[in-house]
Amino acid sequence: MAARIMSENTTEVIVGGVVLAAAIAFIVYAGQATGFSSGGDSYELRASFRSVEGVSVGTDVRMAGVKVGTVTGLKLNSETFFADARISVEQSIELPDDSAILISSEGLLGGNFVELVPGGSPFNLEPGAEIEDTQGSVSLTTLLMKFVGGGAEDAIKADE
């Protein structure tokens, strides 16, 4: 009887340890996925977009397809009615001051990400600087409506 109780306790301890390890692994993964870090290994840049549809805090910032930072803040500018974004970029990445920032799509069914396109200037952006050359997200619905609308106009012109 005592051996049976001890084996049940051992099984419970093992299962509890596995659940605890899985929970810790999930917390570490979630911290990495959202860009949560303790450090000063990155610097902040700003940009103002006409539209940030599909982008939220924690969205990847990529250069040449490689993640180099994250979106850390989004808010509507009440004067310009543009979306002001704050991004953090790895300290080791030095961007020329004529670099561009745009919102790109991973594909037809994929999500959006922020893409940095380096310029050719010999001068680099300072921490806290604003990237002037921006391109907001393109709404797939708007493009589809333009395509459908344009196709209908072409058909009417052909009938005339």
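FYI, it's all coordinate maths here, none of it is from the lab. Quick caveat, the model's predicted, so the values are computed rather than measured. Neighbour counts run over all protein chains shown; Cβ positions are idealised from the backbone, glycine included.
Peptides 41-53, 76-88, ordered by how many other C-beta atoms sit within 10 Å of their residues on average, highest first, read 41-53, 76-88.
Modelled label positions at Ile14 and Phe123, each set 7 Å beyond Cα in the direction of Cβ, lie 6.7 nm from each other.
For region 42-139, would you read off the P(r) tail past 16 Å as a percentage of all alpha carbon pairs?
Of the Cα pairs, 51 percent sit more than 16 Å apart.
Distance between the pseudo-spin-label points of Ala23 and Asn77 (7 Å out from Cα toward the beta carbon): 4.5 nm.
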